[in-house]
Structure formats: structure tokens, C-alpha cells
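Report on the following structure.
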Amino acid sequence: MTSPSSIRSSLESVLGPEAVRDDPETVAAHAVDGVPPRAVAFPGSTNAVAEAVRLCQRKRLAVIPWGSGSKMAAGFPPERFDLALSTARLQRIVDMDTANLTVTAEAGVRFKTVQAALSGEENRCYLPLEDPVTPSQEEICPERENRGCFIPMSPPHSRTATLGGIVAANSSGPTRLLHGLPRDLVLGVRYVTPAGEVVGMGGKTVKNVSGYDVTKLMIGSQGSLGVVCEITLRLLPLPERTGTELFAFDRREAACRFVDRVFESPLLPSAVELLNHRACALLGPEELDRPAGGTWGVALALEGVEEAVTRMRETFGKMGEARRARVRLQLEGEAHARFWERYGHLEETMEEAWPNLITIHPVYPISEYSGMAARVDALDAVCVLRAGSGTGRIHLLPPGADPEGPEKLLPVVERILEACVRTGGGLTVERAAPAWKARLPLWGPEPDALALMRRIKDQMDPDRLFSPGRFVGGI
Amino acid sequence: MDRKPWIEQIEEIVGPDHILTSDMDRILYGYDASLAKGKADAVVLPGDTDEVSRVMALAHRERIPVIARGSGTNLSGGTVPARGGVVIHLSRMNRILEIDLPNRTATVEPGVITLDLQNRLLRDGFVYAPDPASQKVSTLGGNLGENSGGPHCLKYGVTTNHVLGAEVVLSDGTVMWTGGKTHDSAGYDLTGLLVGSEGTLGVVTCMILRILRAPEAVKTMLAVYDSIEDAGNTVSAVIAEGIVPATLEMMDRVVMQAVEASVQAGYPLDAAAVLIIELDGMVDGMERQAQKIQAICRRHHVREIRTARDDAERAKLWAGRKGAFGAITRLKPSYMVGDGTVPRTRLPGVLKRVLETGEKYGLLIGNVFHAGDGNLHPLILFDERVEGELERVKAASSEILKICAEAGGTISGEHGIGLEKLEEMHFVFSEGDLAVMRQVKKAFDPKGLLNPGKVVP
């Protein structure tokens, strides 16, 4: 067994003293399920990550990659944990190619940082720089109406989440309805394999069938196959207009019928979210959940050209009226942005009041959302269901002072799992206190292809050094 | 012919009517739409997953290569039995098993023709978005194997963005499901690995596809240019203006002339290039967007803009594009099609170098391609009977891929690597990258029996 100080000194010899810490505070801050690492490394480049991983390989040290830590509560407690490999110093935005609608950034860059940088990006001149000879140069960059781009994602933990973490967890939010999952938006990754080799997969083009799509394998692999260090994402031009329509209904059934009508229409909202009354109270303006209790809310995100957004507002407004919506609120500009910002920060908002909450990410065929809503209705939970995407988030709230409180939630999770499995889906537990994890179906039902997944892990990480035991089936 | 003992065992599995062993058949299944050729030991046409599984288990025991194929429209040698073996032709497994409108999925067998599913869905007002030009003939299983693209991928993504789940038979005959009707599944994204793996990881026997509501409105325009640079700059300018159309397709004069001789789509014969620009989605604001695009075209010296007034006119504009590869053989008996992809701002420069490469090797090159996503399809025309010409074609083709790789692009956007681009894999991947791909292969197919000699050098 390597002693902590020798881990630090050997890492220091390859990374430099400023890049390694093993003081109690740092180590405690990087604990996974209560298990602290023996040291934390903060490599400053992809090559430095590779150096650190090669050292771990030689010394057989177990590694868990670490971004902002926002999603570290998912998964089984680690079998072994020697080194937390932080991406905190991988902070470069490598290439903002807005003319090609791609951005490449290092894994430690926060999502909101890139998003902010992109929205202000003015350099959208699209002339090939290596070949600037064109007779009509002055006409090529005309006065442009469009101001910037964005990464079409709306991930949870939006204030802190890093690009690396979003990719490692295939983490998605409300606008996946229109724009898809990280797996649809990540064009390429550069990562360090468990053997310490820097490899690059995918690239800057949307179309790419050169060799196996290993990028897909890395997306959602939860740090079990290496460290993602650099990511290339697909961008979209900022829409001409954005906005939000919020509705509250007295009855769940009315809310669901309204949602059904939205999907039957030819209109294309970018998110259709069904909120139980507790979610309404936490997220919405006060009017949304008054009188409290019993309410179900529907939040629609709209984006597109002026005319399309106007029509959606009008049509959805009429549909809401027909279903006797008790409240209708229209958000624009700042209010619209703030609402979805709160949305992305929901779990953090609850942390203080309910430190022991259990967060579930249910998965079901998209038409089953109303059944899922019915199931959630009786629970004490904050719940948002992603209608049209077959998922959502259920935050189960343990009864306050009752020390047995959390205990009572375990069968609730089982029942939700059963319901999802009956429809052909499953669930993952994104957050639960370590003490209960042994009794929770953390990754849902065993995947049919688990044996093949194990073979992939055996091929790529034969010594089981990366996040050992944490992923599906204890991979 | 030396009749191999295992052939009888296969006969027992699929029945004597569903195995082909004549010399003629073995040669017929020895090629695809590329220039590569091979010869199968036998061709098997299984009727269901169980038969596929039993045939593969047998091949595994006997260590016989297995090559799955659909219609064989692929363009890189992906379905050529390079080392002999059993060709599993999936054409009998061509049922649309379920269309689940509430859940927006279609469950199909791999032998379903792409257009058949699309036509079936349109009756309900839905679409399956990927639209490879070969959709009239190509199968959905083949589309999965090659991660096929098509004009509408600019807006909607390629095949991999539309496959939710797959039933796959592994090389030892094991059958398993990856993914399903839901959009998220816990565990590694094996479906994502299978798509585009060119039949080297497993044989997909059932697939769950994502379907979308058909767009409310479509607007198709043809923009005619006297210079190819102007057309290329228009493409970048449209995107830079914040408009992502459903398609942005380009064709040059060589291709237009061939197309006109073949399908009479009404393209002007004296123009240097045309763009097919299509908008789709909600009707609101579409007219304004179209006008904005037309203004951009005019800024880039467009000669003429035609707008399709109805479905018939729209179909005519597209007929030429979709029939371009076929039409090109009117000019020369053979062609080799490239599939390099570059960041779209690099298109004008790369295009110029492609044409220079043609001149250097004394070869005529036509260009028809998905300009919006930087996916080039240079068609190098030649006559195989002319001595030394094929060698020059291969050299030119490789050089063009090198140009694409150097421009920050890649060597295949939608046609795959197959046999033809194995060497060029080194243009874009390091030994370390390839080593990871070999690990993937080993996890799926440890004996290396599935479509051997393809994709990864």
C-alpha cells in the first residue's frame, strides 16, 4: 500500500507541487460517497492528465475524475479511491468557431462560462482565413442581424456543471425535447485512456463515420473509461426570439390533457415541462402555486423566429383557456432567463432544506408521462416531468425530524422503478445518502447487454482503475 | 465447386431455398457500389433473428467470416466479402413490426427499404428524418451499419441520432438488446457504437427508430450561380446569418450536365453551380426567412433563384440531386465517389484544391455534395478499361482525403471506411486512437469473424 505522502510526492514529481494536494480540507471536499481520496491532483493540461494517469497505472492507484462535483452522488460507493483527478485547471476555451457552429473547450470549463462567452461572440466572419482573396470581400461580411450562438443544452446544476461532467453523465434538461441529448450534440472528445494515452475521437464536423464512434461510448460512461479532457460541441445561432408560457391547472388530468394537445399541434416548443405543486412553488412566480397544493403546472419554453413564437403564445394560450387553466403567465427577457436558470439550479435550492433528499431520474416511453404524473401525485416530492422526452426528475423529500424518515423512501423508489420497468423503461438514482445506497436500485434494472458492457470495461480498463465499482452492474 | 460441410448445416437452419452457393451467386454478392470486389463462400437469407443467431453460432464454431448486408448500395466496400465467408443477406427480414405514434417510434427489421418506411409514416403525418440519396433501394439495417446521412442531416442529424435501440446478434450467436423505446438507458451507449460500425461488431436484427412529426411547411429553392466560389460563400453566409436550413446542397456543372441528360430536372446547363436550399418547420416566418436567404444569395451574385410552387416542382428539383450518382455514368462508365468532410467555412478553399487535384491527375471530377455540413462528394470519372486510369483515380481520391484531413475535417462523412479508406484512417487517427477502436472490436468480436478486414486498419 502506497502511503499518502508518497502518492503526493510521486505526483508532484510529474505535475509540479502546485498541482497536488492532500491536506484534510481538500481531500474531504473531494470525497465520494463519504470515501475521501488519498490525494487530489489538479493537472493543468491534457498531457499533464496523461502523466498523472500513467503514474496511477504504474502504482495501480484507483482514480475518479472530478469536475465540479455536482453529479458525484450518482452510482455505487467506490470500491477503491486513491486519487481524485480534478479538471478544475482545464479551463481553456480552445476554439470558438462560431462560423462553423462549433466550440471546443477543456473539460473543466463551466457550462455557463462557455454559454456566456458564446452569446457575446461577435466574430462570426465566415471567410476562410487561409484564402482571403475574393473580389467582393467587402460584401461578404455584411451588417449582420444575428448576434451570437449557444450550446443548445439546459443541464441540471447549471451554475456549477462543467462540460466534462455533462458529457460524462450525458446530462440533459428541458430543451432536450427540441435539441436532443449531449450524445446528439457532442461532435468529438479528446480523452486520456486508463493506460494514460491521449486519444482523440470525432472532430469538428457533424457528419463523421470514420471508424467506431467511440465518442458515444465516452458520453455517459461516468468516468469509468478514462478522463475526458477536451470536448467539441455543436452550436446553434441564438434564436431571434425566446419566451416562456406558464400555466397552472387545478387538476392533474387537465394539465395532462393540455400537454397532449400541445403535442398534437404542429407547433414546436423547445421544452414542455409538467410540474407538481411543490415544483411550482419552488420555481415559479408566486401566482403559479396559489392556493398551494393540488396544482399542476406546465412550463413551455419557446424559441425561434418572431412569427413562430407569437403564434405559439397565441395558440397555447387558447389551449390553456380551453382546459380551464387557473393561471397563465408569460415570461420574456430577463424573467424568462431567470425562470430557466432557477430550473437548472433546482436541486441545489432544495439541498439546504432537505439535505437527505433522494433524486430519481425516471425513464419511460414518452406517452407514459401522465401515468408517471399520477404516480407522483401522492408523494411528498418535488417533481418535474419532461413530457415528450420520457424522463424528468423526482426529488423525494424525507420527512423532516423523523430519524427513520429516509427509510420510508426506499420502498417508494422501488415502486417507481417497478412502474418504469413495466413500461419498458427504468431509472437511475442521481443522489442519495451513502448509507442507503446499498438498498437502492441505483442504476435501475440490469441492462440486457451488461455482459458486453463488462467486456468493454475489461478491454479498456483491465486493471479496473477508473471509478471502480461505481457504474452499472458494479463496473 | 468444393462444397463445404457446414453448408449443409446452414441449409438445415434456413432451409435449402434460402442459401445460395452457385458460382454466379457468390460473385453477385461479392461487390457493392464501390470498386472493391470479393467472393462469398455462401449467401444465406435468414427469415428471423433465431436463424441469424444459429447461422452465426455455427460460423463461430467453424471460424467462418460473416458479412451482413442489405441492398449493397454502400460506397466503400463495407459489404464486400474480402476474405470469403458467409454473406448474410437480410432482405427477407423486411417487416415494419410496429409504428407507435404516441411514443414516436417505429420498430423495424433491418431489411426494410428506407423509403418504404418513410412512405408508410407519411400516411400518418410522420417522418423518419435520415434521407440518404439511395433511400429508394437502401435498407434501414444498411443505414444503421453505415450511419447514413442525407441532405436533411444538416438540421436533423444523421442515422445515429434517430436510432433508439437495437437487437443485435454477436459473433458467437448471442442475442441481446441495446437501448429501447426510451431515450436514455443506463450503461454504455452500445447502440451508439453499433451505428456506423459497418457490420464489424454485430448483426442488427431489429431496430427501434425515432420518428418525428412531418414539418408543417416546406420551402424549396434553387439558386443558380456563375461561379462556384459564390455558391460556396453563400452557404457560409446563410449559416453566419443565424439561419440553419433543413438542407443546403450544391452541384457543379459537370454533375448538372449529366443529370439533365438523365432526368431533366430543369437545371441550367451553362451555370457553374446550383444550391438547393430547403427550409422546413412551422409556416410562420418562413417566407421572411426565405427572403433573407434570397437577399444573401443576391449579395453573392446569384444569377437566378427559383422557388418550388408545389410538391411536384419540389420533387423535380430534388430528382436531379437524388439521381446524380446514377446519372454521372452517362459521362464515363465508372466513377469513384469521395466522402471527405470539412468544417463548412473551409469548403471554398478545399473545393478549389479538389479541382486542382483532378487536373493534376488528368481526371474529370464532378461535385455534388451536402454543402451545409461540409460533406463533399467529388465524383472522379474514369474508364476502367483505360490502362493505369484506376491507379490514378485511387491516388487522386486518397490525395483529396488528405486535403480534407488537413483542413480539419475527416475522411468519411456518411459512406464509411469499408475497404477503400483503411489506409487513409492514418490521416485522422493516431496509433493510440486506433488501438482504442481495436479494443472495441475485441470486446464485441474477440475472434475477429465479423466483416473482417474492414474499418480499422
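Quick check on this structure: which one of B:Ile305, B:Ile328 is under 22 Å from the mean Cα position of the chain (by Cα) and either in a helix (DSSP H, G or I) or over 23 Å from A:Asn208 (Cβ atoms) (or both)?
The unique qualifying residue is B:Ile328.
Can you tell me how many residues in the range A:198-216 are within 20 Å of A:Gly108 (Cα to Cα) and not hydroxyl-bearing (Ser, Thr, Tyr)?
If we filter the range A:198-216 for residues that are within 20 Å of A:Gly108 (Cα to Cα), which is where we start, we get A:198-204, A:215-216.
Subsequent filtering for residues that are not hydroxyl-bearing (Ser, Thr, Tyr) retains A:198-204, A:216.
The total comes to 8.
For the range A:340-353, a residue qualifies if it is surrounded by fewer than 16 Cβ atoms within 10 Å (Cβ to Cβ) and not in a helix (DSSP H, G or I), and the qualifying residues are A:Glu352, A:Ala353. Quick one: which of A:Gly173, A:Gly211, A:Gly200, A:Gly188 is more than 12 Å from the chain's Cα centre (by Cα) and assigned to a loop (DSSP other than H, G, I, E, B)? Result of the check over A:Gly173, A:Gly211, A:Gly200, A:Gly188: A:Gly211. Out of the residues in the range A:81-102 that are over 22 Å from the mean Cα position of the chain (by Cα) and away from chain B (no Cβ under 14 Å), which is surrounded by the fewest Cβ atoms within 10 Å (Cβ to Cβ)? Ranking the candidates gives A:Asp82 first. Determine, yes or no, whether B:Glu229 is among the charged types (D, E, K, R), buried (at least 20 other Cβ atoms within 10 Å of the Cβ), farther than 20 Å from B:His152 by Cβ and facing chain A (nearest Cβ under 10 Å). Criteria met by B:Glu229. Taking each residue of the range B:303-320 that is within 17 Å of B:Glu287 (Cα to Cα) and looking for partners that are part of a helix (DSSP H, G or I) with beta-carbon atoms closer than 6 Å, six or more apart or interchain, yields B:Ile305/B:Gln294; B:Ile305/B:Cys297; B:Ala308/B:Arg314; B:Ala308/B:Leu317. B:Leu115 meets all of the listed conditions (1) of a type in the set (A, V, I, L, M); (2) touching a residue at least 40 places away in the same chain (Cβ under 8 Å); (3) more than 21 Å from B:Val52 (Cβ to Cβ); (4) in a helix (DSSP H, G or I) but one, namely (2). When each of B:Val218, B:Val224, B:Val255 is tested for being part of a helix (DSSP H, G or I) and over 23 Å from A:Gly202 (Cα atoms), the lone residue that passes is B:Val255.
Please go through the range A:439-461 and pick out each residue that is assigned to a loop (DSSP other than H, G, I, E, B) and free of Cβ contacts under 8 Å to residues at least 60 places away in the same chain. Listed by number, the residues that qualify are A:Arg439, A:Pro441, A:Pro445, A:Glu446, A:Pro447, A:Asp448, A:Ala449. Counting residues in the range B:384-400 that are within 18 Å of A:Tyr212 (Cβ to Cβ), part of a loop (DSSP other than H, G, I, E, B), among the acidic types (Asp, Glu) and at pLDDT below 95 gives zero. The residues listed here are B:Ala40, B:Ala59, B:Ala33; of these, the one that is hydrophobic (A, V, I, L, M, F, W, C), closer than 26 Å to B:Pro457 by Cα and surrounded by fewer than 22 Cβ atoms within 10 Å (Cβ to Cβ) is B:Ala33.
Which one of these is of a type in the set (Ser, Thr, Tyr) and within 20 Å of A:Asp289 (Cβ to Cβ): A:Thr315, A:Thr310, A:Thr359, A:Thr349? Spell out how you get there, then give the answer.
Numbers: A:Thr315 fails: within 20 Å of A:Asp289 (Cβ to Cβ); A:Thr310 fails: within 20 Å of A:Asp289 (Cβ to Cβ); A:Thr359 fails: within 20 Å of A:Asp289 (Cβ to Cβ).
Sole residue among the options that is of a type in the set (Ser, Thr, Tyr) and within 20 Å of A:Asp289 (Cβ to Cβ): A:Thr349.
Considering the range A:446-474 alone, what residues qualify as being under 21 Å from the mean Cα position of the chain (by Cα) and either surrounded by fewer than 18 Cβ atoms within 10 Å (Cβ to Cβ) or among the hydrophobic types (A, V, I, L, M, F, W, C) (or both)? Within the range A:446-474, A:Phe466, A:Phe471, A:Val472 qualify.
With respect to (1) assigned to a strand (DSSP E or B); (2) at the interface with chain B (Cβ under 10 Å from one of its Cβ atoms), the lone exception for A:Pro239 is condition (1).
When you look at B:Val368, is it among the β-branched types (Val, Ile, Thr), within 11 Å of chain A (Cβ to nearest Cβ) and more than 25 Å from B:Ala68 (Cβ to Cβ), yes or no? So B:Val368 does not fit the description; no.
Consider A:Val412 carefully, then state whether it is among the aliphatic types (A, V, I, L, M) and not in a strand (DSSP E or B). Yes, satisfied. Of the candidates B:Asp184, B:Asp172, the single residue that is acidic (Asp, Glu) and modelled with pLDDT under 95 is B:Asp184.
The values are calculated or read from the model by the stated rules, or taken from the named source; none is laboratory data. What you are looking at is a predicted structure, and each value in this text was computed from that prediction instead of being measured. With ideal geometry, Cβ positions are generated from the backbone for all residues, glycine too; neighbour counts draw on all protein chains shown.
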